[in-house]
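Novice: I have a structure here, written as structure tokens, and I will follow up with some questions on it.
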Amino acid sequence: MKKLIPILIIILLLPVVSPTVTKIHEDWHEYSGQFTKEGILYDFQLQQSDIELLRFNANEFSTIIRKGTCQKNAQYTYCYEDFDFEHAKATISARGIYVPAIKILIEKDTYEPPVKESDFKITLTGSTRLEAGETGTVTLKLENAGETQIQGIQTTITIPKDLHVETKDLIKFETTLQSTTMNLRPGDDYTYNITIQANKSQTYDLSAQIKYSSSGEQQQATRTLRIEVPKPYTFQKQAVTRVQVGETFQYQYTLTNRLDEPITIKSNLQHPTSLIPLRANNLQLQHGTRNYQDTSTLSAGQSKTFQVTYRQVNTQNSELRGNVEITALGHKYNESLNHAIQTSSDTLTSTLKVDRTDILPNTPYRITYTLTNRNNNLDITGVETRLTGIVNKTITTDVRRGETKTIIDERLIAPEIDQNIAYQINATTLYRVSGVLNRLEDTHTINVIGDDTPIVISTRPSNRIVAPGDRIQMIVTIRNVADSSLEAMQVEDSFNQDVQRVAGRTQNTISLQGKQQSQAYTYEIEIPRTANQDLIITTVAVTQNYQAIHNTTIEVSGAEQETQTGGATEPGSSTTQPPSQQVDGEIETVRQRQEESGFMQTYRKFTEFLRGLFR
């Protein structure tokens, strides 16, 4: 008899009026009568079929109950146990108290109370970490903690690849473990025990799927146990990531066997031509190659360190390549020996300093240029420094390891001029390390304030040393150092050679509203392939009341060098003293543009000024 779960306590029944029997159909019999519950008199009807279906109705609760099953309303669970056909009695039960049945209705299904999820307790536990080759256990426990029988339980456990399992409680297939169908009565439990073993290092997810029936519907629950199996060895690699030319360093790696049985290791390590091997430990250099190799067996718990000492011989970055193959418990593992090493590019660094950038005419200033050897393992010899612009010198020296050497330290006097001029000093240093030519370039601008013009011109070429056919980009910045505005300023760049403008504009109209406001423009030009002299770029800026001129010299490799007053024609220099022919041409160009703009008077004055300056 199924357990009944009434919400209220069943009351005791008063004596029942004997029922009368009426045959209403060939296969059905009907019984009617009365019974009293809690002082209330109930009429009831009971119909019974030869196929053991009980139609039952009382207090607006109607159902059909098959013999041996139960139905439930809001208050009681009614179980149809038996029917005494001879004495015309049918009984229903609630907590063991038999009550005469009442009326019937049911269709087909057997009533089955639903299983609460919280009543079906499923736990999957066991070894969550195993060493390779170690044996562990997993337990799956099913428990019915409710008051309803759990039916049709089927368990399927998925076996992860490379995980070995053994059990007597489940049927083993190729990739799964499966149970037979079973039922659990209230309070019962069942446990499956599984033995596991993994020889391969990885993470295994052991999954159990449990299917069961609840209220005639199929239900499913899943539990997963994650099992970690670490590598049967440890691998550690040590090496520097940055070296200097000539520096000696070590590259090493260590392997330790974590098993209780031997493992086999095979090493292969290749180095580039930028490294020279000096000595090795536990590795053998293969004849005629740049490969180190080794095959070893590590016993249980044994460690072994492999080491090579190299020297960096040039400025190229280096990359070691290779791998270690480890065989343990029939499985192979690979560890990478690849390692990138960057060669320090600042073997020699330079510093160009000017103690002031804006000075008055006839005012002293100081220029210093130093070189520092950051390499503590290598002396750099034959370092050549060429200074151009304000100072024109070529100096050859040696810079010892870790040394800082002053190449120039000079006190100069700004020239006597009556307009603003921007001078530049340029320093180019060439040196070789392991046969590789390296170049350092520095430049500094000095503004000599010779009059009250508020226009300051500065230029920045993308390259200061070019070859015929090269392209360079020029960035020209015009700055207003006055409190007042500079309106409709005409700015133009001209060249001493027939260069080709590739992009941008060389003629611009600029307005600057207020002090320290600036504006830049950019253009790109191509050096003629027939160029035989350095390129001089002249920038002229003119307003109605002010004017300024700025020269920038770009060194063209292979071109003849020209010496000009003030040393302003060397690479990257600027001056107010360009060749007179160039100045005349520039003035004429500006004059023609200004005639169109209505500034003829200003440019005529500027022309006279420049021509008087260069006579």
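Novice: Sticking with the crude label model, points 7 Å out along Cα→Cβ, report the distance from THR406 to ARG185 in nm, one decimal please.
Specialist: 10.6 nm
Novice: Report the FRET efficiency, 1/(1 + (r/R0)^6), for THR128 and LYS211, where r is their Cβ-Cβ distance and R0 is 25 Å, rounded to 0.05.
Specialist: After rounding to 0.05, the efficiency reads 0.45.
Novice: Which net charge results for the neighbourhood of PRO272, defined as the other residues with beta-carbon distances under 12 angstrom from its beta-carbon, given Lys and Arg at +1 and Asp and Glu at -1?
Specialist: After counting each charged neighbour, the total is +1.
Novice: Ignoring ligands, DNA and RNA, what percent of the 1.4 Å accessible area of the stretch 249-313 is carbon and sulfur?
Specialist: The nonpolar share, carbon plus sulfur, comes to 40 percent.
Novice: What does the net charge come to around TYR365 if you take all other residues with beta carbon closer than 9 Å to its beta carbon, with K and R at +1 and D and E at -1?
Specialist: Here the charged neighbours net out to +2.
Novice: Let me ask something additional. To the nearest 0.05, what FRET efficiency results for VAL502 and ARG311 with a Förster distance of 30 Å applied to their C-beta separation?
Specialist: With R0 = 30 Å, the Cβ-Cβ based efficiency is 0.05.
Novice: Between THR368 and ARG529, how high is the FRET efficiency from 1/(1 + (r/R0)^6) when r is the Cβ-Cβ distance and R₀ = 51 Å? Nearest 0.05.
Specialist: About 0.85, to the nearest 0.05.
Novice: Report the full-extension gain for the segment GLN293 to ARG460: residue separation times 0.36 nm, less the Cα-Cα distance, to one decimal in nm.
Specialist: Using 0.36 nm per residue and subtracting the Cα-Cα distance, I get 54.7 nm.
The values are calculated or read from the model by the stated rules, or taken from the named source; none is laboratory data. Owing to the predicted nature of the structure, the values given are computational and were not obtained by experimental measurement. Positions of Cβ are backbone-derived with ideal geometry, glycine not excepted, and every protein chain shown enters the neighbour counts. Accessible surface areas use protein heavy atoms only, side chains included; no ligands, DNA or RNA. Shrake-Rupley method; radii C 1.70, N 1.55, O 1.52, S 1.80 Å.
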